[in-house]
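Student: Right, I'll just put the structure down here and ask away after.
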Amino acid sequence: MCTCSCRFKTSVTIAVAGFVLLSLSLSAVIPQTAPQAALSTGRFLVAGKQLRDPNFARTVVLLLNYGESGARGVIINRPTDVKLATMFPEIRGLQRRMDTVYLGGPRTERSDIFCELLDLLDRRHEGCLVLQQPYNVQVGAGTMNPATVLRVLVGAGTRGTVCTSRAPASRADATAVVGDNPNRLQMHHQLQVILQPDPGDPQERYLASLQAIGIDMRQHDVRFVEDNWESPALGAWARAGRVARRPGNHPIHLFPAGRAARTLDQLWRWRVQRYYGSTASRWLCRTPTASGRWHYRRAHRAIPYEDILLRSEIEHCHYYFEVADVEALKAVYDTYEREAKRCLEADLVMPAHDYNLKCSHLFNVLDTRGAIGVTERANYFRRMRNVARDISTLYAAQREQLGHPLLKSSAGLVAAAEPPPGEDTAVAPADEASPFVLEIGSEELPPADLSSAMRQLQAAVPAMLDQLRLGYESLTVYGTPRRLVVMVSGLAPRQTDLETVVKGPPADRAFDADGQPTAAGLGFARGKGVEVGDLQVVEEQGRRSVAAVVRETGRAAVEVLSEALPGCLAGITFDRSMRWNASNLAYSRPLRWLLALYGPQQVPFSYAGIDSGRCSRGLRPYGSPAIVIDDAGAYASVMQANGVVTNPEARRSLIRDEAAEMAAQRDGVWHEDPDLLDEVTHLVERPTLFCGRFEARFLALPPEVLVAVMKKHQRYFPVYAGDGSLLPHFIGVRNGDAEHLDTVTAGNEHVLRARFADAEYFYGKDTRQALGDFLPRLQTLTFQVDLGSMLDKVHRLERLTPQAAQLLGLSESDTAAATRAAALSKADLATNMVVEMTALQGTMGAHYARLSGESDAVAAALGEQYQQVSTTPAGLALALADRCDSLLGLFAAAGLAPRGSNDPFALRRAALGIIETLITNCTSCDLRRLLSLAAPSLPVSGDAATQEAVLQFIIGRLEGVLRDRGYPASVVKAVLAAQGHDPYAASQAAHELNDALADDDWPTLLAAYSRCVRITRAIEGPLILCPDDFDLPAEKALRDAYQSAAAALDGSASVSRFITALRKLEPAITTFFLDVLVMDEDPARRDNRLALLQGISALPDGIADMSRLEGF
């Protein structure tokens, strides 16, 4: 094994009886010396040689050889001193004391952290097999080590496997900050752990591992929050969470916890994935100075970070952002992809995997360079996904051919300890109404899922109790992130008795002529459990049949609830669910406990492999202690005594009141944000508020940036001054009590300071040039491979936007503003701030436009283009042009229209944006014309068929919008058939037509009009009307009424005007059909009368298709 001086990322991957993934890593430099084997054992080949170099401490290199893994090498520092011998008894004889590269303080090195965690896993998982594997392919994160990502596909066995890998660090993304921010480093590290199957308590094990490396849960705000991953472009998703840890004076620590992804079909089910991120090692190994720079600690001195790695940070950032050759890297990507496919053809899994990882890294570099647009991502993801799928399929087949050797020896994973069930002595069945409580305990639910589940239970439980015939006094549904609670007061002890009359065979078949029961009568009585003599003869609609009165005695409430509750839980659905164990049942997050009590009685049932009991769990910061509930009636008081606020309204009120009070204490104002308030309410079980502050210098940043960081990233509430400006304060909510609140506050301040420092850096870099100066960079940012770059799209918008403005009837000044806005519309996509925080696209464009001297109208149009509704004239024209260009272009480009739930380019949202913008602004626009104007500028064919497909796609979204507004389906269909191309006109027509349907004379009007349509429907082509040829009074009256109605409408698309005209026509129509024989024997007379009726039938053309209305 040869080594050389190089930068590298250490990623320790652990596969423990299934799937948990933990990550920590080292920054290190391997000396330019090759270690020699010095010791060989039967199971491992261990090489230990002290490497002496004036620049580095001593190290030991272990060469490990276990089974199929082959001989691999890894640097392990201070092995015996950190209990490495616990995992490898064969190396106990190695030197007792070894220093670490760069690090020397006792129990503070990152290698210590790894080994402490490995030792913990060895002890907790009883015989967890440790495999050390280096892996040196450069990737952005260590999650793709084949020791985990591939081995887990076929199961690592029920025995744990610990794998260590080293790979080059590569923060090849837009988060690099050229060494200006100590929280953004190239050198990041990760320890991965895989648990398979889910042991039942992965979160508890995870938190225990943090305790093991010195993180006190009570001193920090540690919580599991939603971190779902979804990629429509990949057709893949994962339900996931992360741990948000806000330590005092240290950066936030994010530990993603991935769950059952659909990317590899069913291969990744029932596993738990954990990552220990690099910031844990930073916290334990480095000390921030007053200037914000990090120092590495040694026993006798601190080494400045800049003396070690800062220069390499700057150089890599400079390369990723400015130097990387886009075209060359794209060519290299294609070469690597071809080589990966060649490896697959040769059945070479690992080389193919290496090349696919290299493709992934190149994608990150290209993305950072600004060469990949939002739409082009889908193509790259598809290519990498296809190769990854083929690699996975081939790997699984290979392992099967080898007989899965690692599955043959398994020690088993220690199952989660069950909480004490409490005394459940025999309790006499209740004979009077008692309270009932159901608690569904799970891992932390995302806020939206919690709200959804509460709404579903609020409807489902009353329906279930009604179906069970169990009366009750009141029912309440509460919820916290970890539990859903149903509390029923005064629930009946038994079902009410049920008496039903069941009809049987005809009476003459059930009894013979002598009145004796026949075989049919006897069988019916026997089947219903009644005596033949109790059968009754009933008569209905002239038919006589026998009937039996069936009486069903009510059963005990506990008995029927036990049968019904599993179905009730199964009925709870979510937009995205996950499966975590062999039950294969789906829920938003893994279920961990079930509590069901009727009075003092336990209601026994099982769901998702969990048996119900009387034990709940306490607050996460307290270690989730078991809480035994003796009686359903005591549930609320017991939970309150344990600090759990189950009522979300109580939590919401507490947060609202204390936030307003805290803001007032600092001479500020708290503005209620309903969405953020709801989210924070559903993130905590015991809210404790704190108020932090940040440096006033950050107030120089745009307020939109500061608010976005506080709300989106940290879920903080901003504090405002009376004039609406921001104050240097924020309000956060801790999950837990006020113990160590000062530490938590300081930690949150540090977190926010780091994020604001990022924003300050990006903003300062962006404002060195005008917004228009960013336009050339759009040439390297692909919109879609067939549609060109983002700059190409800008040029199309420069042509289409003034045409849209003319179509909308805008003034000359508004048209000029819209055209200028189109020229700058995508420039902010190349700015550093938007690359970092994409949610600020448009917002930053508007801000930078004002700084660049653009008019307010131009800035407003830029700021509105990504909003669902634009309100200014210039913004309206730009938004319509942008969305029509995207819709028509993507429909035309290789058929990229949405299919099913797959909508990688958010075209449904684009269509809805067109609709809502036009309706909100009360603006008519013929989308047929606008699409035809967009077609010539496209580099692909936007022919008439494609334009019609796009129009129908928009009409489909418009139908949903109108139905959501409460209009009947028939009204919506009638209007869209005539005016679907104009969303605002269609919405007005639906409103007016719906009002007309409520009029008393509507049935008469529709009946009169429908007679005209039905009698002329089969006629092919229009007939010629000769108005002077009518001689009967009724004919002349209808002719005159028709001519007046047609003149009144005069091409108008107003439903109201048509209804008014029809109301005047109706008497003449009625008289005409009474007095005139339309189908006269004389062809000329007949055709003239039919021509008149054809004219009446055509009056609502372009207004609504009346034949689609109910009752037509």
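The values are calculated or read from the model by the stated rules, or taken from the named source; none is laboratory data. Predicted model only: the values in this text are computed from it and were never measured. Don't worry about glycine lacking a Cβ; one is built from the backbone with ideal geometry, like all the others, and counts go over all protein chains shown. When the accessible area is computed, the model is the full protein with side chains, heavy atoms only, and any ligands, DNA or RNA have been set aside. Shrake-Rupley method; radii C 1.70, N 1.55, O 1.52, S 1.80 Å.
Student: Just want the answer: with Cβ charges of +1 for Lys and Arg and -1 for Asp and Glu, which residue in A1007, C1026, S970 is farthest toward the dipole's positive end in the range 957-1033?
Tutor: Projecting each Cα onto the dipole axis, the largest value belongs to S970.
Student: Here's another thing I want to ask about it. Need one number: convex hull volume per residue for the range 785-834, Cα atoms only, in Å³.
Tutor: 80
Student: Suppose accessible area is computed on protein heavy atoms with a 1.4 Å probe; arrange H847, H991, H682 from highest to lowest. Mind showing how you got there, number by number?
Tutor: On the way: H847 50, H991 85, H682 10 Å².
The ranking, largest first, comes out as H991, H847, H682.
Student: Let me ask something else. Quick check on the range 877-942: what does the Kirkwood estimate of hydrodynamic radius come out to from the alpha carbon pairs, in Å?
Tutor: One decimal place: 12.4 Å for the Kirkwood radius.
Student: Turning to a different aspect of this structure: Mind grabbing the base-10 log of I(q)/I(0) for the range 947-1086 at q = 0.12, 0.14, 0.15 Å⁻¹? Debye formula, identical points on the C-alpha positions, no solvent, two decimal places.
Tutor: At q = 0.12, 0.14, 0.15 Å⁻¹ the computed log10 ratios are -0.61, -0.79, -0.88.
Student: Next question. Could you pull the Rg and Dmax for the range 923-1015, using just the Cα atoms, both in Å?
Tutor: 16.5, 55
Student: Let me see the pair-distance distribution of the range 529-603: every alpha carbon pair, 10 Å bin width, integer percents in order.
Tutor: With a bin width of 10 Å, the distribution comes to 13, 25, 19, 16, 16, 10.
Student: Given the pairs K765/K793; K341/K712; K973/K1064; K711/K826, which span a C-alpha to C-alpha distance of over 30 angstrom in this model?
Tutor: Violating the 30 Å limit, Cα to Cα: K341/K712.
Student: If you wrap the range 571-682's Cα atoms in a convex hull and average its projection over all directions, what's the area in nm²?
Tutor: If you wrap the Cα atoms of the range 571-682 in a convex hull and average its projections, you get 9.5 nm².
Student: Please compute the Kirkwood hydrodynamic radius over the range 805-906, one decimal place, Å, based on all pairs of different Cα atoms.
Tutor: 14.3
Student: About the Cα centre of the range 603-743, how large is the charge dipole given +1 on each Lys and Arg Cβ and -1 on each Asp and Glu Cβ? Please answer in debye to the nearest 20.
Tutor: Values: 14 positive and 20 negative charges, 72 e Å.
My answer is approximately 340 debye.
Student: Roughly speaking, to the nearest percent, how much of the range 666-777's 1.4 Å accessible area is carbon and sulfur? Walk me through the intermediate numbers first.
Tutor: Working: 2100 of 4270 Å².
Carbon and sulfur atoms account for 49 percent of the accessible area of the range 666-777.
Student: Identify the GluC sites (Glu not before Pro) of the range 424-513 meeting these criteria: DSSP loop state and at most 13 other C-beta atoms within 10 Å of the C-beta.
Tutor: Qualifying residues, ordered by number: E432, E473.
Student: Projecting each Cα onto the charge dipole of the range 817-975 (Lys/Arg +1, Asp/Glu -1 at the beta carbon, about the Cα centre), which of I914, G956, Q868 comes out farthest on the positive side?
Tutor: The listed residue farthest towards the positive side: G956.
Student: Cβ neighbours within 10 Å, averaged per peptide: list 201-212, 1042-1053, 670-681, 474-485 in order, most packed at the top.
Tutor: Ranked from most to least packed, the peptides come out as 474-485, 201-212, 670-681, 1042-1053.
Student: In whole Å, how far is the Cα centre of the range 1037-1080 from that of the range 540-557?
Tutor: 57
Student: With the convex hull built on the Cα atoms of the range 1023-1112, state its orientation-averaged projected area in nm².
Tutor: Convex hull of Cα atoms, orientation-averaged projection: 6.1 nm².
Student: If you average the C-alpha positions of the range 838-880 and of the range 650-720 separately, how far apart do those two centres end up, in angstrom?
Tutor: Here the answer is 27 Å between Cα centres.
Student: Determine how large the accessible area of E315 is when every protein chain is in place; take a 1.4 Å probe and give Å² rounded to the nearest 10.
Tutor: Accessible surface of E315 is approximately 100 Å².
Student: Let me ask something else. How much accessible area per residue does the range 820-924 have, in Å², with a 1.4 Å probe?
Tutor: With the other protein chains kept in place, the range 820-924 gives 31 Å² per residue.
Student: Oh, and also: Using per-residue counts of other Cβ atoms within 10 Å, averaged over each peptide, order 508-519, 561-572 from highest down.
Tutor: 561-572, 508-519
Student: What does the convex hull of the Cα atoms come to per residue for the range 475-599, in Å³? Mind dumping the intermediate values first?
Tutor: Numbers: hull volume 24.9 nm³, N = 125.
Value for the range 475-599: 199 Å³ per residue.
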